[in-house]
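Notes follow the structure.
The values are calculated or read from the model by the stated rules, or taken from the named source; none is laboratory data. Everything quoted here is computed from the prediction, not taken from an experiment. Virtual Cβ from ideal backbone geometry, glycine too; neighbours counted across all protein chains shown. Note: accessible area is taken over every heavy atom of the protein model, side chains too, but ligands, DNA and RNA are not part of it. Shrake-Rupley method; radii C 1.70, N 1.55, O 1.52, S 1.80 Å.
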Amino acid sequence: MPNTNRPIGVFDSGIGGLTVAHAISRLLPDEQIIYFGDTAHLPYGDKSRDLIKRYSLEITDFLLREKHCKCIVIACNTASAAAYEYLRDTHMGSVPIFNVIDPIVESVIADDSIHHVGIIATKTTILSGVYQEKLSRRKPGLRYSALATPLLAPMIEEGFFNNTISQAVIHNYLEQPELQGIDALILGCTHYVMIKKEINAFYEGKVKLFDSTDIVATKLEAILDKEHLLSDKPVGKNLFYVSDYTESFEQSAKAFYGESLSLQQQKAGGR
Ligand code: DGL
(Lines give C-alpha, C1' and ligand atoms only; values in the text may rest on other atoms or scores of the structure.)
Protein backbone atom coordinates (compact mmCIF):
# COMPACT_ATOMS: atom_id res chain seq x y z
CA MET A 1 0.00 0.00 0.00
CA PRO A 2 1.44 3.44 -0.86
CA ASN A 3 2.39 5.56 2.14
CA THR A 4 -0.51 7.92 1.57
CA ASN A 5 -3.16 5.24 1.99
CA ARG A 6 -1.82 3.76 5.19
CA PRO A 7 -3.79 4.47 8.38
CA ILE A 8 -3.29 7.21 10.97
CA GLY A 9 -2.41 5.75 14.38
CA VAL A 10 -4.01 7.50 17.35
CA PHE A 11 -3.54 6.52 20.98
CA ASP A 12 -4.52 7.56 24.49
CA SER A 13 -4.48 6.11 27.98
CA GLY A 14 -8.12 5.18 27.47
CA ILE A 15 -11.07 6.62 25.68
CA GLY A 16 -10.46 10.37 26.14
CA GLY A 17 -8.45 10.48 22.91
CA LEU A 18 -11.58 9.44 21.01
CA THR A 19 -12.52 13.14 21.10
CA VAL A 20 -9.37 13.82 19.04
CA ALA A 21 -9.94 10.79 16.78
CA HIS A 22 -13.44 12.02 16.01
CA ALA A 23 -12.22 15.51 15.15
CA ILE A 24 -9.66 13.97 12.76
CA SER A 25 -12.29 11.74 11.22
CA ARG A 26 -14.63 14.71 10.68
CA LEU A 27 -11.95 16.82 9.03
CA LEU A 28 -10.33 13.99 7.05
CA PRO A 29 -13.13 11.52 6.26
CA ASP A 30 -11.07 9.62 3.65
CA GLU A 31 -8.41 8.68 6.17
CA GLN A 32 -8.49 5.44 8.12
CA ILE A 33 -7.83 5.77 11.85
CA ILE A 34 -6.46 2.97 14.00
CA TYR A 35 -7.15 3.93 17.60
CA PHE A 36 -5.52 2.33 20.62
CA GLY A 37 -6.83 3.04 24.15
CA ASP A 38 -4.61 1.67 26.88
CA THR A 39 -7.52 0.93 29.20
CA ALA A 40 -5.53 -1.74 31.07
CA HIS A 41 -3.20 0.98 32.36
CA LEU A 42 -5.33 4.08 32.77
CA PRO A 43 -5.19 6.57 34.29
CA TYR A 44 -1.80 7.78 33.02
CA GLY A 45 -2.31 11.02 34.94
CA ASP A 46 -0.81 9.71 38.17
CA LYS A 47 1.84 7.40 36.68
CA SER A 48 5.59 8.03 36.51
CA ARG A 49 7.15 9.42 33.36
CA ASP A 50 9.17 6.23 32.86
CA LEU A 51 6.13 3.99 32.95
CA ILE A 52 4.20 6.23 30.54
CA LYS A 53 7.20 6.22 28.18
CA ARG A 54 7.27 2.42 28.24
CA TYR A 55 3.54 2.06 27.55
CA SER A 56 3.66 4.71 24.83
CA LEU A 57 6.57 3.01 23.09
CA GLU A 58 4.81 -0.37 23.09
CA ILE A 59 1.66 1.15 21.64
CA THR A 60 3.61 3.09 19.01
CA ASP A 61 5.47 -0.08 18.01
CA PHE A 62 2.15 -1.92 17.66
CA LEU A 63 0.69 0.87 15.50
CA LEU A 64 3.77 1.11 13.29
CA ARG A 65 4.87 -2.51 13.00
CA GLU A 66 1.57 -4.38 13.06
CA LYS A 67 -0.77 -1.77 11.66
CA HIS A 68 1.69 0.02 9.35
CA CYS A 69 0.48 3.50 10.29
CA LYS A 70 1.89 6.43 8.32
CA CYS A 71 1.94 8.72 11.36
CA ILE A 72 1.19 8.67 15.09
CA VAL A 73 -1.02 11.08 17.01
CA ILE A 74 -0.48 10.99 20.78
CA ALA A 75 -4.09 11.91 21.67
CA CYS A 76 -3.27 12.30 25.34
CA ASN A 77 -1.74 15.33 27.02
CA THR A 78 -0.14 13.20 29.73
CA ALA A 79 1.60 10.90 27.25
CA SER A 80 2.49 13.93 25.10
CA ALA A 81 4.10 15.57 28.15
CA ALA A 82 5.92 12.43 29.30
CA ALA A 83 6.81 10.58 26.13
CA TYR A 84 6.62 12.73 22.96
CA GLU A 85 10.33 13.55 22.69
CA TYR A 86 11.29 10.01 23.62
CA LEU A 87 9.05 8.55 20.89
CA ARG A 88 10.23 11.07 18.32
CA ASP A 89 13.88 10.37 19.09
CA THR A 90 13.37 6.60 19.20
CA HIS A 91 11.68 6.55 15.81
CA MET A 92 14.13 9.14 14.46
CA GLY A 93 11.84 10.74 11.94
CA SER A 94 10.70 7.47 10.30
CA VAL A 95 7.10 8.75 10.50
CA PRO A 96 5.63 12.06 11.70
CA ILE A 97 4.68 11.90 15.39
CA PHE A 98 2.21 14.49 16.70
CA ASN A 99 1.58 15.55 20.26
CA VAL A 100 -1.49 17.46 21.40
CA ILE A 101 0.39 20.12 23.35
CA ASP A 102 2.28 22.04 20.63
CA PRO A 103 -0.80 22.88 18.51
CA ILE A 104 -2.59 24.28 21.58
CA VAL A 105 0.44 26.33 22.61
CA GLU A 106 0.71 27.69 19.05
CA SER A 107 -2.97 28.72 19.04
CA VAL A 108 -2.72 30.42 22.43
CA ILE A 109 0.41 32.40 21.63
CA ALA A 110 -1.01 33.49 18.27
CA ASP A 111 -3.92 35.18 20.05
CA ASP A 112 -2.80 38.63 21.17
CA SER A 113 -6.01 39.26 23.10
CA ILE A 114 -4.83 36.73 25.72
CA HIS A 115 -2.81 38.09 28.63
CA HIS A 116 -3.29 35.47 31.33
CA VAL A 117 -3.90 31.83 30.46
CA GLY A 118 -4.87 29.08 32.87
CA ILE A 119 -3.94 25.43 32.34
CA ILE A 120 -5.87 22.52 33.85
CA ALA A 121 -4.59 18.98 33.37
CA THR A 122 -3.60 15.77 35.12
CA LYS A 123 -0.94 15.80 37.83
CA THR A 124 1.71 14.30 35.54
CA THR A 125 1.08 16.91 32.84
CA ILE A 126 1.17 19.84 35.26
CA LEU A 127 4.21 18.53 37.14
CA SER A 128 6.08 17.98 33.87
CA GLY A 129 5.96 21.77 33.38
CA VAL A 130 5.73 21.24 29.60
CA TYR A 131 2.92 23.73 28.96
CA GLN A 132 4.48 26.29 31.31
CA GLU A 133 7.91 25.92 29.70
CA LYS A 134 6.64 26.15 26.10
CA LEU A 135 4.39 29.14 26.81
CA SER A 136 7.05 31.11 28.65
CA ARG A 137 9.73 30.34 26.06
CA ARG A 138 7.52 31.15 23.06
CA LYS A 139 5.83 34.24 24.55
CA PRO A 140 7.78 35.59 27.53
CA GLY A 141 5.27 38.35 28.43
CA LEU A 142 2.32 35.98 28.70
CA ARG A 143 1.14 35.20 32.23
CA TYR A 144 0.15 31.61 32.93
CA SER A 145 -1.22 29.69 35.92
CA ALA A 146 -1.37 25.92 36.14
CA LEU A 147 -3.64 23.77 38.27
CA ALA A 148 -3.65 19.96 38.50
CA THR A 149 -7.25 18.72 38.39
CA PRO A 150 -6.84 14.98 39.02
CA LEU A 151 -10.50 14.24 39.80
CA LEU A 152 -11.74 15.34 36.40
CA ALA A 153 -10.54 12.52 34.09
CA PRO A 154 -11.75 9.63 36.29
CA MET A 155 -15.01 11.49 36.93
CA ILE A 156 -15.62 11.92 33.19
CA GLU A 157 -14.49 8.38 32.38
CA GLU A 158 -17.13 7.13 34.82
CA GLY A 159 -19.78 9.06 32.90
CA PHE A 160 -20.16 11.95 35.35
CA PHE A 161 -20.63 14.99 33.16
CA ASN A 162 -23.52 17.40 32.62
CA ASN A 163 -24.86 16.58 36.07
CA THR A 164 -24.81 18.04 39.57
CA ILE A 165 -21.73 16.06 40.62
CA SER A 166 -19.62 17.22 37.69
CA GLN A 167 -20.85 20.76 38.22
CA ALA A 168 -19.77 20.74 41.88
CA VAL A 169 -16.30 19.33 41.07
CA ILE A 170 -15.76 21.70 38.14
CA HIS A 171 -16.82 24.74 40.20
CA ASN A 172 -14.56 23.73 43.05
CA TYR A 173 -11.51 23.57 40.76
CA LEU A 174 -12.28 26.68 38.72
CA GLU A 175 -12.80 28.71 41.88
CA GLN A 176 -9.24 27.99 43.07
CA PRO A 177 -7.06 31.11 43.54
CA GLU A 178 -4.65 29.99 40.76
CA LEU A 179 -7.30 30.46 38.09
CA GLN A 180 -8.59 33.89 39.04
CA GLY A 181 -8.30 36.67 36.47
CA ILE A 182 -7.56 34.42 33.48
CA ASP A 183 -8.84 35.36 30.04
CA ALA A 184 -8.19 31.93 28.47
CA LEU A 185 -8.08 28.36 29.72
CA ILE A 186 -6.26 25.38 28.23
CA LEU A 187 -8.20 22.14 28.68
CA GLY A 188 -4.98 20.14 28.95
CA CYS A 189 -6.51 16.67 28.96
CA THR A 190 -8.38 15.07 26.09
CA HIS A 191 -11.16 13.99 28.49
CA TYR A 192 -12.05 17.59 29.30
CA VAL A 193 -13.68 18.13 25.91
CA MET A 194 -16.65 16.31 27.45
CA ILE A 195 -17.08 19.05 30.09
CA LYS A 196 -16.27 22.01 27.84
CA LYS A 197 -19.89 23.20 27.87
CA GLU A 198 -19.99 23.14 31.66
CA ILE A 199 -16.71 25.05 31.88
CA ASN A 200 -18.00 27.57 29.35
CA ALA A 201 -21.18 28.00 31.39
CA PHE A 202 -19.13 28.59 34.55
CA TYR A 203 -17.29 31.44 32.81
CA GLU A 204 -20.48 32.63 31.05
CA GLY A 205 -18.55 32.47 27.79
CA LYS A 206 -16.11 35.18 28.90
CA VAL A 207 -12.98 33.00 29.00
CA LYS A 208 -11.60 31.52 25.74
CA LEU A 209 -11.30 27.75 25.92
CA PHE A 210 -8.63 25.76 24.05
CA ASP A 211 -8.87 22.00 23.63
CA SER A 212 -7.08 19.41 21.56
CA THR A 213 -9.76 18.44 19.03
CA ASP A 214 -10.08 20.71 15.98
CA ILE A 215 -6.76 22.46 16.64
CA VAL A 216 -4.91 19.13 16.49
CA ALA A 217 -6.89 17.84 13.50
CA THR A 218 -6.12 21.02 11.53
CA LYS A 219 -2.41 20.80 12.36
CA LEU A 220 -2.35 17.14 11.34
CA GLU A 221 -3.99 17.94 8.00
CA ALA A 222 -1.46 20.70 7.31
CA ILE A 223 1.56 18.49 8.04
CA LEU A 224 0.23 15.46 6.16
CA ASP A 225 -0.47 17.72 3.20
CA LYS A 226 3.04 19.19 3.34
CA GLU A 227 4.58 15.71 3.55
CA HIS A 228 2.33 14.43 0.71
CA LEU A 229 0.80 11.89 3.06
CA LEU A 230 -2.91 12.69 2.72
CA SER A 231 -4.82 9.70 1.34
CA ASP A 232 -6.08 10.07 -2.21
CA LYS A 233 -9.22 7.91 -1.77
CA PRO A 234 -11.39 6.55 1.08
CA VAL A 235 -9.14 3.97 2.70
CA GLY A 236 -11.23 1.89 5.05
CA LYS A 237 -13.17 1.63 8.27
CA ASN A 238 -11.75 3.13 11.44
CA LEU A 239 -10.69 0.48 13.96
CA PHE A 240 -10.69 0.83 17.74
CA TYR A 241 -8.53 -1.29 20.02
CA VAL A 242 -8.34 -1.27 23.80
CA SER A 243 -5.91 -3.17 26.02
CA ASP A 244 -8.71 -4.20 28.39
CA TYR A 245 -12.24 -4.57 27.04
CA THR A 246 -15.30 -4.06 29.21
CA GLU A 247 -18.86 -3.28 28.19
CA SER A 248 -18.79 -0.13 30.25
CA PHE A 249 -15.79 1.16 28.24
CA GLU A 250 -17.73 0.49 25.08
CA GLN A 251 -20.72 2.47 26.40
CA SER A 252 -18.54 5.43 27.45
CA ALA A 253 -16.57 5.21 24.20
CA LYS A 254 -19.72 5.95 22.21
CA ALA A 255 -20.28 9.13 24.20
CA PHE A 256 -16.67 10.25 23.68
CA TYR A 257 -16.64 9.45 19.97
CA GLY A 258 -20.08 10.89 19.39
CA GLU A 259 -21.23 7.96 17.28
CA SER A 260 -21.47 4.21 17.41
CA LEU A 261 -18.27 2.17 17.40
CA SER A 262 -17.09 -1.24 18.46
CA LEU A 263 -14.00 -1.86 20.58
CA GLN A 264 -11.70 -4.84 20.13
CA GLN A 265 -9.34 -6.12 22.80
CA GLN A 266 -5.66 -6.09 21.83
CA LYS A 267 -2.36 -6.29 23.69
CA ALA A 268 0.15 -3.69 22.58
CA GLY A 269 3.32 -5.29 23.87
CA GLY A 270 4.59 -8.28 25.72
CA ARG A 271 3.25 -7.25 29.11
N1 DGL B 1 -6.76 11.79 28.49
C2 DGL B 1 -5.51 11.88 29.18
C3 DGL B 1 -4.84 13.23 28.89
O4 DGL B 1 -5.13 13.86 27.91
C5 DGL B 1 -5.55 11.75 30.68
C6 DGL B 1 -6.30 10.66 31.31
C7 DGL B 1 -5.46 9.82 32.22
O8 DGL B 1 -5.08 10.26 33.32
O9 DGL B 1 -5.16 8.72 31.80
O10 DGL B 1 -4.00 13.66 29.65
Express the relative contact order of segment 113-253 as a whole percentage, based on alpha carbon pairs under 8 Å and six or more residues apart in sequence. 25 percent
Quick query: amide H of residue 145 versus all other amide H atoms, modeled in the peptide plane; which residues come in under 5 Å with a sequence gap of 5 or more or a different chain? 117, 118, 119
Express the carbon and sulfur contribution to the solvent-accessible surface of the chain as a percent, rounded to the nearest whole number, probe 1.4 angstrom. 51 percent
With 21 Å as the limit, write out which pairs from 70/226; 233/267; 67/237; 67/267; 134/219 have Cα-Cα distances beyond it, or answer none. 233/267
Square roots of five times the C-alpha gyration tensor eigenvalues of segment 97-245, ordered largest first and given in whole Å, equal 27, 22, 14
Debye equation applied to the C-alpha atoms of segment 47-167, log10 I(q)/I(0) at 0.16, 0.18, 0.20, 0.21 Å⁻¹: -0.89, -1.03, -1.14, -1.18
Nonlocal amide H pairs with residue 242, under 5 Å, H built at 1.01 Å: 37, 264, 265, 266
Taking amide hydrogens as modeled 1.01 Å from N in the peptide plane, which residues meet the under 5 Å criterion relative to residue 33, leaving out close sequence neighbours? 8, 238, 239
What residue among 256, 161, 36 has the largest mean-square fluctuation in a Gaussian network model of the chain, using Cα springs under 10 Å? 161
Take the Cα atoms of segment 163-256, build their convex hull, and give its volume per residue in Å³. 168 Å³
Farthest toward the dipole's positive end in the chain, which of 207, 163, 110, given Cβ charges of +1 (Lys, Arg) and -1 (Asp, Glu) about the Cα centre? 110
Over the chain, calculate the relative contact order: mean separation of alpha carbon pairs under 8 Å at least 6 apart, over the residue count, as a percent. 28 percent
How far is helix 247-257 tilted off the main Cα axis of the chain, in degrees rounded to 10, range 0 to 90? 70 degrees
Can you pull the one-decimal nm distance between simple spin-label points at residue 30 and residue 196, each 7 Å off the Cα toward Cβ? 2.6 nm
With contacts defined as alpha carbon pairs under 8 Å and 6 or more residues apart, what's the relative contact order of segment 53-193 in percent? 27 percent
What residue among 214, 111, 183 has the largest mean-square fluctuation in a Gaussian network model of the chain, using Cα springs under 10 Å? 111
Order of 9-15, 242-248, 44-50 by packing, highest average Cβ count within 10 Å first? 9-15, 44-50, 242-248
Convert 25 °C to kelvin, take the viscosity as 0.890 mPa s, use the Kirkwood radius over C-alpha pairs of segment 80-151 as Rh, and evaluate the Stokes-Einstein diffusion coefficient in µm²/s, rounded to a whole number. 185 µm²/s
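Can you give me the Kirkwood hydrodynamic radius for segment 122-201, using every pair of distinct Cα atoms, in Å to one decimal?
Over segment 122-201, the inverse of the mean reciprocal pair distance is 13.5 Å.
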Convex hull around the C-alpha positions of the chain: the volume in Å³ per residue is 121 Å³
Looking only at 61, 112, 30, which one moves most when the chain is put into a Gaussian network model with springs between Cα atoms under 10 Å? 112
Peptide ranges 149-160, 119-130 listed from the most packed, as the mean C-beta count within 10 angstrom indicates: 119-130, 149-160
